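Each reported figure results from applying straightforward, stated rules to the coordinates on display, with no laboratory input. Everything numeric in this text was worked out from a predicted model, so none of it was measured. Positions of Cβ are generated from backbone atoms using ideal geometry, with glycine treated the same way; all protein chains shown enter the neighbour counts.
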Amino acid sequence: MTDRSHSPRNPIVGTAQGFGVTFKQIFKKPITQQYPEYKRPLYPRWRGRHRLWRHENGLEKCVGCSLCAAACPADCIRVVPAENTPDNRVSAGERYARIYEINMSRCIFCGYCELACPFDAITLGNEFEISEYARDDLIYTKDMLLAEPIKQVPVADPELYDTPIPYYKTHS
Ligand code: SF4
Ligand code: SF4
């Protein structure tokens, strides 16, 4: 019995099959998404830009323990802790993060930092519009991470744009 599993394929048949895939697309309706006016909904567990959190009383949740930095496979978190004092209480623990930085250009958005944190001080949100022109701008400082993410695209009111029917279609 002849083993046909390694027999050379007829090049004409192969080419025709390849073009068949291309021709099938000609009759399909194109999918054009009007980004940034329309943004596809993200999955609930989608991981994007990080955020550091405070307690309701204003103290930072982060205690500078560096567990997130130890868990980070990309080695992109830098934590420098300092002691809280009666005159300068920053977090609820003994120590706080004097410096907390994430180099976003190295981050792979794995979420290990969020899982490692014992105080839910750091979470990954759903912001993904974080591209920059310079690498230095991708080093997020503690102040940036504690603040609300800046809506970069579009710059106008997102309520006008995060809709199934783009604003420009109903107002032009
Ligand atoms: S998401 Fe992953 S790669 Fe990014 S900072 Fe956290 S642990 Fe590091
Ligand atoms: S974010 Fe969490 S794990 Fe990282 S240093 Fe702060 S308290 Fe520790």
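Couple of notes before you dig in:
- Contact order relative to length of segment 50-161, as percent, for alpha carbon pairs under 8 angstrom and 6 or more apart: 31 percent
- Taking the Cα centre of segment 87-130 as origin and assigning +1 to Lys and Arg Cβ atoms and -1 to Asp and Glu Cβ atoms, the resulting dipole is close to 180 debye.
- Summed side-chain charge close to Arg51 - residues other than Arg51 whose Cβ falls under 9 Å, Lys, Arg +1, Asp, Glu -1: -1
- Within the shell defined by Cβ-Cβ distances under 13 Å, the residues around Glu114 carry a net charge of +4, with Lys and Arg each +1 and Asp and Glu each -1.
- For Ile139, net neighbour charge (Lys/Arg +1, Asp/Glu -1) across residues whose Cβ lies under 14 Å away: -1
- Extension gain (nm, one decimal) between Asn88 and Thr22, 0.36 nm per residue minus Cα-Cα: 17.1 nm
- Cα-based Rg of segment 50-161 normalised by 2.2 N^0.38 Å, two decimals: 1.12
- Each Lys and Arg Cβ is given +1 and each Asp and Glu Cβ -1; about its Cα centre, segment 50-161 then shows a dipole of about 340 debye.
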